[in-house]
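Just so it is clear, none of the values below were taken in a lab; they were calculated from the coordinates. A quick note: this is a predicted structure, and the numbers were derived from the prediction, not measured. Counting neighbours? That spans all protein chains shown, and the Cβs are built from the backbone with ideal geometry, glycine included.
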Amino acid sequence: MSITDPLADFLTRIRNAHLAKHDRVDVPASRLKLEICRILKEEGFIRNFRMVEGKPERVLRVFLRYGEDGSPAITHLARVSRPGRRVYMGADQIRPVLNGMGLGIISTNQGVVADRSARERRLGGEILCEVW
């Protein structure tokens, strides 16, 4: 079975794991997903992540974060740019997500970065997803 949008599948697996109150979730690994996990960890949305070498393929293990009351750290996780409708923005068009409380993840020509970093470094690119 081939997945047409692996990034959307990755985000859906994280959303579903949070709904089921799982401690971690395993997803097929890619460099893009690894970079997104790095940003999510830096911003405090996940506890940690690790690459697990498997026989047929490598797996990315994401350890989810919950609050003291058991509420998930990620309440909204949505794909913005999709294969059917790509969304690109210049550096001056990128606005803070949820007035700075959220996070936009952007693929630029200098790598995958958070929206705040893209504005500081004057980088535009493809808006991959939004998190809050």
Given the condition within 12 Å of the chain's Cα centre (by Cα) and part of a strand (DSSP E or B), answer yes or no: does some residue in the stretch 85-104 qualify? yes
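For the stretch 98-120, give me the residue count where each residue is surrounded by 15 or more Cβ atoms within 10 Å (Cβ to Cβ) and closer than 16 Å to Gly44 by Cβ.
Within the stretch 98-120, the subset surrounded by 15 or more Cβ atoms within 10 Å (Cβ to Cβ) is 102-108, 112-119.
Restricting the remaining residues to those that are closer than 16 Å to Gly44 by Cβ gives 102-105, 114-117.
Here the count works out to 8.
Residues are listed down the side, and each one gets a yes or a no for (1) touching a Phe, Trp or Tyr at 6+ places or on another chain (Cβ under 9 Å); (2) closer than 12 Å to Leu103 by Cα; (3) surrounded by 12 or more Cβ atoms within 10 Å (Cβ to Cβ); (4) free of Cβ contacts under 8 Å to residues at least 24 places away in the same chain:
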residue: Gly44; (1), (2), (3), (4): no, yes, no, no
residue: Glu57; (1), (2), (3), (4): no, no, no, no
residue: Val62; (1), (2), (3), (4): yes, no, yes, no
residue: Glu68; (1), (2), (3), (4): no, no, no, yes
Give just the number: which of (1) surrounded by fewer than 11 Cβ atoms within 10 Å (Cβ to Cβ); (2) within 21 Å of Val97 (Cα to Cα) does Lys21 not satisfy? (2)
Going residue by residue through the stretch 13-31, is there one that turns out to be under 15 Å from Cys129 (Cα atoms) and assigned to a loop (DSSP other than H, G, I, E, B)? no
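Within the stretch 32-42, does at least one residue satisfy the condition of being more than 11 Å from the chain's Cα centre (by Cα), more than 18 Å from Val80 (Cβ to Cβ) and either among the β-branched types (Val, Ile, Thr) or surrounded by 15 or more Cβ atoms within 10 Å (Cβ to Cβ) (or both)? First the steps, then the outcome.
Restricting attention to the stretch 32-42, the residues satisfying the condition of being more than 11 Å from the chain's Cα centre (by Cα) are 42.
Among the residues that remain, those that are also more than 18 Å from Val80 (Cβ to Cβ) are: 42.
Next cut, either among the β-branched types (Val, Ile, Thr) or surrounded by 15 or more Cβ atoms within 10 Å (Cβ to Cβ) (or both) only: none.
No; the residues of the stretch 32-42 include none that is more than 11 Å from the chain's Cα centre (by Cα), more than 18 Å from Val80 (Cβ to Cβ) and either among the β-branched types (Val, Ile, Thr) or surrounded by 15 or more Cβ atoms within 10 Å (Cβ to Cβ) (or both).
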Quick one: His76 ticks every box in (1) without any contact (Cβ under 8 Å) to a residue 40 or more places away in the chain; (2) surrounded by 11 or more Cβ atoms within 10 Å (Cβ to Cβ); (3) of a type outside the set (Val, Ile, Thr); (4) more than 18 Å from Asp5 (Cβ to Cβ) bar one, so which box is it? (1)
